[in-house]
Amino acid sequence: MNAAGELSYAHGTGGTALLGDTIGANLDRAVAAWPDREALVDVPSGRRWTYAEFGAEVERLASALLASGITKGDRVGIWAVNCPSGSSSSTPPPASARSW
């Protein structure tokens, strides 16, 4: 978001415009539309997450960040490998945990 609280929107010289959507909003819609469908599969462990489970994991992480004192305007860097926890940490929090 910019200083006025609006979502940033910029794209290069390509002819196809961006979707005008956020990752968090897209996840919210996917969880609402397909809560019981598979969203994430970790092949080495055999573990699978539905959209509802993945959304809940993102919510849990976002709530933990808020509880640790992270506030609107703070910058958070997350270095994660290609694994399930990396996926949930790179997804913005769902609407219920968004206070920033």
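Considering only residues in region 1-43 that are modelled with pLDDT of 90 or more and part of a loop (DSSP other than H, G, I, E, B), the one that is least open to solvent (accessible area, probe 1.4 Å) turns out to be 35. Selection over region 44-60 of residues that are part of a strand (DSSP E or B) and either of a type in the set (Val, Ile, Thr) or touching a residue at least 60 places away in the same chain (Cβ under 8 Å) (or both) gives a count of 1.
On the given criteria, is residue 99 outside any strand (DSSP E or B) and either surrounded by 14 or more Cβ atoms within 10 Å (Cβ to Cβ) or modelled with pLDDT under 80 (or both)? Yes.
The values are calculated or read from the model by the stated rules, or taken from the named source; none is laboratory data. Please read all numbers here as calculations on a predicted model, not as lab measurements. Positions of Cβ are generated from backbone atoms using ideal geometry, with glycine treated the same way; all protein chains shown enter the neighbour counts. Each accessible area value is taken on the protein alone, full model and side chains, heavy atoms only, with ligands, DNA and RNA left out. Shrake-Rupley method; radii C 1.70, N 1.55, O 1.52, S 1.80 Å.
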